[in-house]
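I have placed the structure first, in the form of structure tokens, so that the comments after it can refer back to it.
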Amino acid sequence: MKKIRSLAFAGLFVLSAAHATTITENFTNNPSQDGWQTFGDTNLFQWDSTNQNLDVTWDSSQTNSYFYHSLGTILATDDDFSVEFDLQLSDANATGSFELAVGLLNLSDATSTNFSRPLGSTPNLFEFDYFPNGGYGPSIDASMADMTVTATNESDFYFAYDNLPLAIGVTYHIILTHVAGEPTISGEVLTNGQIYTSLPNVYAGPITDFRLDTVAVISYSAAGDTYGDSILAHGTVDNLVVTLPPPPVQNLTGAFSNGLWQAQFISRSNWLYTLERTTNFVSWTDVSAAASGNGTNLFLPDTNAPADNGFYRVRAGRP
């Protein structure tokens, strides 16, 4: 008897339709058990089990280093999303102009050897930056870079900012927001529930599109900085929340229709979907052409289903 099975997988990543649309981390448990990982210098990020937060050292003398977690999706300019977290600094010393950062990035780009904040080769960023006063005055920024930013094309950068300091020992709540379809980023910094700044100044570099797949606490390297800029800062990050759009595959089911087995699910516009099949969970085969999402029900048939067992998943990717 023919046996067909469906799996509620959406990949390039794995994401079930039942997943919530937020990622939250209050560090009450060891974050390494919740999917958090470290790239670069692992000593820069330490879980404080007593105070239930993340101790962070931002040290530009080290390599690019990230304490990060996958979003389980890929964000682009057509998405609504936000990032918020608590930040408290115990010290922050800079020479020249150099930042500490928390936000969203594209992990493949950010871990490549040519990714450099000093050289401006930083595609696909959405982040909070604080520049302590290293001789040019302090600056609080909400920064966004599109897909095309390289060392020879630094212009596609957008940031909102205010030339204010972050006081040592004060807990700030930072909120970064992106509105679907807008080439902008907005930010708010609050203390004790009151707005400290809404970052009223804007540098409106042209933003086309971006691809973000990871939330991270970020310590950038100063390697390649020709001005001698640097930072060494210590502090804590806590109560991090990333609010995401709906997953790209929702309500996935499979059934026969007119003798053909097909997957049915609610899709999203600006995504591409391919039905994949396996009989052994070792290798997967595309059994449908890539189909564009339509924002409603999408059907992907297998026109040549196997005679016995078959297991299916839907691969979702950004064009």
note = Of all strands (runs of 3 or more DSSP E) fully inside the stretch 252-319, the set with 1 or more residues that are among the charged types (D, E, K, R), in contact with a strand residue (DSSP E or B) (Cβ under 7 Å, 6 or more places away or on another chain) and touching a residue at least 24 places away in the same chain (Cβ under 8 Å) is 272-278, 297-302, 309-317
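Within the stretch 1-55, considering only strands (runs of 3 or more DSSP E) that don't extend past its boundaries, which have at least 1 residues that are surrounded by fewer than 13 Cβ atoms within 10 Å (Cβ to Cβ) and modelled with pLDDT of 95 or more? Please lay out each step first, then the result.
Details: elements: 3-11, 22-25, 37-39, 45-48.
Per the criteria, 22-25, 45-48.
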inquiry  = Please count how many residues of the stretch 189-242 are assigned to a loop (DSSP other than H, G, I, E, B) and surrounded by fewer than 20 Cβ atoms within 10 Å (Cβ to Cβ).
reply    = 15
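Out of the residues in the stretch 137-155 that are surrounded by 20 or more Cβ atoms within 10 Å (Cβ to Cβ) and more than 27 Å from T236 (Cα to Cα), which is modelled with the lowest pLDDT? Show your work before the answer.
From the stretch 137-155, those surrounded by 20 or more Cβ atoms within 10 Å (Cβ to Cβ) are 139-146, 149; that's our starting set.
Okay, now just the ones that are also more than 27 Å from T236 (Cα to Cα), so 146, 149.
Working: D146: 94, V149: 87.
Filtering the stretch 137-155 for residues that are surrounded by 20 or more Cβ atoms within 10 Å (Cβ to Cβ) and more than 27 Å from T236 (Cα to Cα), the one modelled with the lowest pLDDT comes out as V149.
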task = List every residue pair whose Cβ atoms lie under 9 Å apart, where the two residues are 6 or more positions apart in sequence or sit on different chains, the first residue falls within the stretch 93-121 and is on the phi > 0 side of the Ramachandran plot, and the second residue, located anywhere, is part of a loop (DSSP other than H, G, I, E, B) and among the charged types (D, E, K, R).
result = G96/D225; G96/D229; G120/E154
ask   = Is at least one residue of the stretch 247-265 within 23 Å of the chain's Cα centre (by Cα) and either surrounded by fewer than 16 Cβ atoms within 10 Å (Cβ to Cβ) or of a type in the set (G, A, S) (or both)?
value = no
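The values are calculated or read from the model by the stated rules, or taken from the named source; none is laboratory data. Here the structure is a predicted model, which means the values were calculated and not measured. Positions of Cβ are generated from backbone atoms using ideal geometry, with glycine treated the same way; all protein chains shown enter the neighbour counts.
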